[in-house]
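Single-structure report; data block below.
A short reminder: the numbers here are calculations on the coordinates, not readings from a lab. Predicted model only: the values in this text are computed from it and were never measured. Heads up, the Cβs are rebuilt from the backbone with ideal geometry, glycines too, and the neighbour counts pull from every protein chain shown.
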Amino acid sequence: MGIIDAIRTGLSELWSHKLRSALTMLGVIFGVAAVIAMVSIGEGAKQETLEQIKRMGIDVVHVRRAVIAGELLEKAQERSPYGLTYGDAERLRSVMSFAKQVVPVREVFANVKIEEKPVSVKVVGTIPGYEEVTHSLVERGRFLRWIDISENRPVCVLGAAAKRELFGFDDPIGKMIKIERRKFRVVGQMQAKEIGAAKAFAALRDLNSDVYIPITISMTDFQIFTQQAVPATMQTLREMYQRMRSRQARDKTPISEVIIQVENESATVPAASIIRSVLNRAHRGIRDYEIIIPAELLRQSQETQRIFNIVMAAIASISLLVGGIGIMNIMLATVSQRTREIGIRRCVGATRWDIIRQFMLEALVITCIGGTIGIFAGIGGAHAIADYAKWRTVVSVQAVVISFSVAALVGVIFGLYPAVRAAMVDPIEALRYG
């Protein structure tokens, strides 16, 4: 009997016992579907996380103001009372001559109004180059210029969401908004920047709601936005900022973040070491800042996600193991039912290898049909999860191929023992059976 005839015989046997065949396939179907669906969830989470990290820029290093408390706060008030400051940004700029950009950022407390109606936006003081280090694009008008910084011009640039909140569908360029008691003229509008549904990292902010103003104005007119208590000395300095524009006063002004852009991804880790050394010396050993390296986060996330996918695939593969046990049980029952048929085939010239091949092919046909159905069920399940749970899922070809291959291997392994048992049946005894 050829392979084609053996497959036909196997399909005929499956069709003649439809319910039994369907129940046998269930384990394989659920196993393949579970592997594909679970790996798709993991792959979707991986893609979203990687995209979020890449939006931060893999060629930048973020130095952020850290929230400290307890004994460390008391030491910080003595050794480094201002935390991360504008002077730190200037210090890093002078030391890191190889850096493409060193951009200070100062998030401030400020109410923004349009025609005396308050809106929910964030005010951020910064300098030219911020749009480059955050990989943002200007949609209309322009971004801040150095002349705006040097002359303290009351101009601002709106994020996409901030523009909608303030002006709806109107063109905002040239119009005025009020930030606290001061009026600012809108000179630019940023393109919308996508942020994932579930932000994986606190360092990744929604830039669409920002209103950008010159950092010099943010330092002289507004209080910094921070969750940490500001030392009493800072309360008195706030009034002094209105009168003082000296370099010393600016250097001690707290800021929220410094973003350093380097040549490429490989330069971020050495840059972080330099930053840590400079700030440790300037802050006298007080860690009132945190360094975030998106390129390192990217590598860590990839490794974590790889382990996560392996674990999920292993858990889902248990269903395939259960399906294999079901195949063995059914095939053993089939051998008992078809003992007389085995005896007749042996008597007319079939070898033991022919019998083994016949039953192995039948087991393989069951797993291949079940695996094919499982592939469609898994892809459908992944899409259903994406639609109803609003989770991102990505069906990978690798998951489909591996799950189907494992299903076929399960069919071969668990079909081998029943096939060998069938081949070992004595032909004379088989003819007497039944």
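Observations, loosely collected:
- Using alpha carbons only: equivalent-ellipsoid semi-axes of the range 313-434, gyration tensor based, whole Å: 39, 12, 11
- Rounded to the nearest Hz, the phi-derived 3J(HN,Hα) couplings of the range 386-401 under the Karplus curve 6.51 cos²θ - 1.76 cosθ + 1.60 (θ = phi - 60°) are 5, 6, 8, 8, 6, 9, 7, 10, 10, 7, 9, 4, 4, 5, 5, 5, where x marks glycine and proline.
- Point-to-point label distance, residue 67-residue 344, nm (Cα→Cβ direction, 7 Å offset): 8.0 nm
- Dipole magnitude of the chain, debye to nearest 20 (Cβ charges: Lys/Arg +1, Asp/Glu -1, about Cα centre): 560 debye
- Rounded to 5, the percent of DSSP beta bridges in the chain classed as antiparallel: 80 percent
- Candidate lysines - alpha carbon under 16 Å from residue 178, same-chain residues fewer than 8 apart omitted: 113, 117, 122, 163
- What the phi angles of the range 45-56 give under the Karplus curve with 6.51, -1.76 and 1.60, with θ = phi - 60°, is a coupling list of 4, 5, 4, 5, 5, 5, 5, 5, 5, 5, 5, 5 Hz, glycine and proline written as x.
- Residue order, fewest to most beta carbons within 10 Å, for 220, 24: 220, 24
- One decimal place: the segment residue 282-residue 387 gains 32.6 nm when fully extended, by the rule 0.36 nm per residue minus the C-alpha distance.
- Ascending count of other beta-carbon atoms within 10 Å, so fewest first, for 21, 136, 12: 12, 21, 136
- For a straight C-alpha distance cut-off of 26 angstrom, the lysines reachable from residue 75 (same-chain residues fewer than eight places away being disregarded) are 252.
- The range 255-317-the range 355-393 distance, computed between alpha-carbon centres (Å): 40 Å
- For residue 47 and residue 164, the difference between the fully extended length at 0.36 nm per residue and the C-alpha to C-alpha distance is 39.2 nm.
- P(r) tail fraction, the range 93-221 - alpha-carbon pairs more than 24 Å apart, %: 25 percent
- Positive-end residue, the chain charge dipole about Cα centroid, Cβ charges, pick of 407, 123, 382: 123
- Taking amide H positions as modeled 1.01 Å from N, with prolines and chain starts lacking one, the residues under 5 Å from residue 256 and 5 or more places away or on another chain are 105, 106, 107.
- Rounded FRET efficiency, nearest 0.05, which uses the C-beta distance separating residue 19 from residue 336 and R0 of 22 Å: 0.80
- Dipole axis of the range 67-183 (+1 Lys, Arg; -1 Asp, Glu on Cβ), positive-most option in 81, 160, 102: 160
- Here the range 257-348 is assigned +1 on the Cβ of each Lys and Arg and -1 on the Cβ of each Asp and Glu. Its dipole about the Cα centre then comes out at about 760 debye.
- Of the chymotrypsin sites (Phe, Trp or Tyr not before Pro) found in the range 106-169, the ones in coil according to DSSP and having at most 13 other Cβ atoms within 10 Å of their Cβ are 109, 169.
- Once both labels are positioned 7 Å from their Cα atoms along Cα-to-Cβ, the gap between residue 117 and residue 77 label points is 4.4 nm.
- Rg and Dmax, both from the Cα atoms of the chain and both in Å, are 33.9, 112.
- Once both labels are positioned 7 Å from their Cα atoms along Cα-to-Cβ, the gap between residue 398 and residue 97 label points is 4.4 nm.
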